[in-house]
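Undergrad: Before we start, here is the structure in question, set down as structure tokens.
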Amino acid sequence: MVVLKPRTATPELVINTLKGSWSLAQQTPENFTMLVVYRGLHCPMCKNHLRELSRLADDFSAKGVNIIALSSDTQERAQLASTEWEIENLTMGYGLTVEQSQAWGLHRSAGRGVTSIGIEEPAEFTEPGLYLVRPDGTLYWSNINTMPFARPHFKEVLGAIEFAITKNYPARGELI
């Protein structure tokens with residue numbers, strides 16, 4: 001498994017979104033591109049997590065942060081999540097591949113049937129992750145999960161970004 005190190009180049013990422021093709025290399029944020037990987041439509045924790053992000057999207061934009069939420073879900077499931085979760089303001093990527101997940105150091109799980117909200121898990125899916133990527137394509141921050149629980153709260157992430165920008169705080173965790 002790959003472990004991405006801060007201050008190093010991130011892998012290439014080109015993915016389909018509900019708004020068309022999206023490429024990390026073509027992003028030109030003032031400060032960061034934030035990639036938020038979620039488990040998929042079947043995950044009630046993801047719904048709450050992305051709703052929080054959706055409510056704060058304008059605040060992230062004001063801090064110079066571009067956002068994409070992405071999963072290994074199909075286009076149809078991503079569209080359902082966007083609509084049913086009322087998060088249409090987020091760019092929703094879909095079809096994250098096994099290879100892309102591995103390149104980003106993400107964990108994968110096998111589906112276990114119907115979830116607590118009555119939606120079938122896909123046969124395989126990618127577990128959550130959050131990345132802040134600088135405009136030059138280097139990794140600033142990552143948070144990788146093996147479970148749907150205990151993810152960063154976006155209000156705290158927003159505060160951390162404010163601190164990092166104001167204090168010119170360096171990316172940490174770069175040593176092997």
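The values are calculated or read from the model by the stated rules, or taken from the named source; none is laboratory data. The structure displayed is predicted, hence computed values, not measured ones. For neighbour counting, all protein chains shown are included, and Cβ atoms are generated from backbone atoms with ideal geometry for every residue, glycine included. The accessibility values were calculated without ligands, DNA or RNA, using every heavy atom of the protein model including side chains. Shrake-Rupley method; radii C 1.70, N 1.55, O 1.52, S 1.80 Å.
Undergrad: Residues of region 1-49 being among the polar types (S, T, N, Q), surrounded by fewer than 16 Cβ atoms within 10 Å (Cβ to Cβ) and under 15 Å from Thr138 (Cβ atoms), which ones? Quick ask: steps written out before the conclusion?
TA: First, pick out the residues of region 1-49 that are among the polar types (S, T, N, Q): 8, 10, 16-17, 21, 23, 26-28, 31, 33, 48.
With the extra rule that they be surrounded by fewer than 16 Cβ atoms within 10 Å (Cβ to Cβ), the set shrinks to 8, 21, 23, 26, 28, 48.
The answer is Thr8, Thr28.
Undergrad: Could you grab the pairs with beta carbons closer than 7 Å, sequence gap of 6+ or different chains, first residue in region 34-53 and over 16 Å from Thr83 (Cα atoms), second one modelled with pLDDT under 95 and open to solvent by 10 Å² or more (accessible area, probe 1.4 Å)?
TA: The qualifying pairs are Arg39/Pro148; Met45/Pro148; Met45/Phe149.
Undergrad: Given the condition touching a helix residue (DSSP H, G or I) at 6+ places or on another chain (Cβ under 6 Å) and touching a residue at least 12 places away in the same chain (Cβ under 8 Å), answer yes or no: does some residue in region 92-104 qualify? Spell out the reasoning first.
TA: At the first step, the residues of region 92-104 found to be touching a helix residue (DSSP H, G or I) at 6+ places or on another chain (Cβ under 6 Å) are 92, 94.
Narrowing further to those that are touching a residue at least 12 places away in the same chain (Cβ under 8 Å): 92, 94.
Yes, some residue in region 92-104 is touching a helix residue (DSSP H, G or I) at 6+ places or on another chain (Cβ under 6 Å) and touching a residue at least 12 places away in the same chain (Cβ under 8 Å).
Undergrad: On the given criteria, is Tyr94 open to solvent by 30 Å² or more (accessible area, probe 1.4 Å) and among the aromatic types (Phe, Trp, Tyr)?
TA: Numbers: open to solvent by 30 Å² or more (accessible area, probe 1.4 Å): yes; among the aromatic types (Phe, Trp, Tyr): yes.
So Tyr94 fits the description; yes.
Undergrad: Another one. Checking Ser82 against (1) touching a residue at least 40 places away in the same chain (Cβ under 8 Å); (2) farther than 21 Å from Phe60 by Cβ; (3) assigned to a helix (DSSP H, G or I), only one condition comes out false. Which one?
TA: The number of the failed condition is (2).
Undergrad: May I ask you to list pairs of residues, at least six apart or on different chains, whose Cβ atoms are under 7 Å apart, with the first in region 163-176 being within 15 Å of Arg134 (Cα to Cα) and the second being open to solvent by 90 Å² or more (accessible area, probe 1.4 Å) and not in a loop (DSSP other than H, G, I, E, B)?
TA: Tyr169/Phe163
Undergrad: Still on this structure, please answer the following. Which one is farthest from Ala110 (Cα to Cα) among residues in region 128-155 that are among the small types (Gly, Ala, Ser) and open to solvent by 30 Å² or more (accessible area, probe 1.4 Å)? Don't jump to the end; show me each part of the working.
TA: Going residue by residue through region 128-155, those that are among the small types (Gly, Ala, Ser) are 129, 137, 142, 150.
Among the residues that remain, those that are also open to solvent by 30 Å² or more (accessible area, probe 1.4 Å) are: 142, 150.
Details: Ser142: 23, Ala150: 20 Å.
The selected residue is Ser142.
Undergrad: If Thr91 meets every condition in (1) of a type in the set (Val, Ile, Thr); (2) more than 21 Å from Leu18 (Cβ to Cβ); (3) at pLDDT 95 or above apart from one, which number is that one?
TA: Only one criterion is unmet by Thr91, namely (2).
Undergrad: Restricting attention to region 97-118, and to residues there that are open to solvent by 40 Å² or more (accessible area, probe 1.4 Å) and either in a strand (DSSP E or B) or modelled with pLDDT under 95 (or both), which single residue is nearest to Tyr169 (Cα to Cα)? Explain how you work it out, then say what you get.
TA: Of region 97-118, the ones open to solvent by 40 Å² or more (accessible area, probe 1.4 Å) are 97-99, 102, 107-108, 110, 112, 114, 116-118.
Next, only the ones that are either in a strand (DSSP E or B) or modelled with pLDDT under 95 (or both) stay: 108, 110, 112, 114, 116-118.
Numbers: Arg108: 32, Ala110: 38, Arg112: 42, Val114: 43, Ser116: 41, Ile117: 41, Gly118: 44 Å.
Looking at the filtered set, the residue picked out is Arg108.
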